[in-house]
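Only one structure is covered here, and it is reproduced in the block below.
Rule-based calculations on the coordinates, nothing more; no lab input. Everything numeric in this text was worked out from a predicted model, so none of it was measured. When we count neighbours, we look across all protein chains shown, and the Cβ atoms used for this are built from the backbone with ideal geometry, even at glycine.
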Amino acid sequence: MDDFEKQLKDALTKKDPSPFFEARVLGAVKRQALEHRASSRMWWASAFAAVLLVITGSAWQHERTIREEAAGKDAKARLELALKITSVKLQRISRKVEGI
Amino acid sequence: MPGQAVGTESEVDNPEPRTFASVLRAQQSMVFSIAYHFLRDRSAAEEVAQDVFLQLHRRFDELKSDQHISFWLRKVASHRSIDYVRKQKSQAAVGLDSVPMPSVDGEPEDHFLNRRLQSLIGSLPEKPRMVMILRYQEDLMPEEIASVMEMPVRTVKSHLQRSLAMLREKIDRSMGDVR
């Protein structure tokens, strides 16, 4: 290293930041940590709400399917009854017609 | 969690275990000086240095040794400083020669020469300027600079040679027999 390079080294000696720098960084770090905590709490709240929504939606869908199946069975039973009644009536009419 | 390590005075005074606060205290002048010699603006340098330490805090648990932390800080400080200049190019171009210089103790002639050198280094293009700062402020070898700057060693050597030649010529021209 020649004299010129030593002079360069001298010109580029380390400097200290202002005396408040350290405290300012530590303050910013605390703020960053608080913001991170708040945003992670928000994330968990959103995730919980989403899970709750999915569970409620699934339960509602399941309930609706059961109700529709019951209504379908009921309708089927009524149709079968109506067909049975119709069949009985048609047999009676058929017997009467045969008797004429 | 690095946040738990930050804080109390007793933690800072005790060298073991390593805490974010102790690293901040030990490395603040290195990080600040890289930014300051590059930007030649105290408040901009403090802004960049603060961003570097905030980023360090987020990754504190991943960096296992002091050596790794120093390397990481140099690397991030260098890249952040270059990014800062790129973002604020027009303001920085206006500000380079008008920024007041910090007071430097010593002989008036040395003081003048240092200021002149700092000003000339500040006039170098971004990458050669950072290479010069890492070489003469941080005393890094070209291989280490190449690793920090993510560039080939040949490029680092070429930046150093060309910058040195240019600075010598300008100093010779402007100061005659000062060397």
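For the reader, a short list of remarks on this structure follows.
- Distance between the stretch B:32-59 and the stretch A:55-100 - C-alpha centres, whole angstrom: 80
- Adding -39500 (n - 2.57) for every DSSP H run of four residues or longer, then dividing by how many residues chain A holds, sets the calculated 222 nm ellipticity at -32500 deg cm²/dmol.
- In terms of distances greater than 26 angstrom between alpha carbons, the cross-link table entries A:76/A:96; A:6/B:75; A:6/B:64; B:64/B:89; B:89/B:170; A:9/A:30 yield A:76/A:96; A:6/B:64; B:64/B:89; A:9/A:30.
- By the count of neighbouring beta-carbon atoms within 10 Å, fewest first, B:36, B:84 end up ordered B:84, B:36.
- B:135, A:67 arranged by Cβ crowding within 10 Å, fewest neighbours leading: A:67, B:135
- Of A:28, A:44, A:58, farthest towards positive along the dipole that unit charges on Lys, Arg, Asp, Glu beta carbons give the stretch A:19-99: A:58
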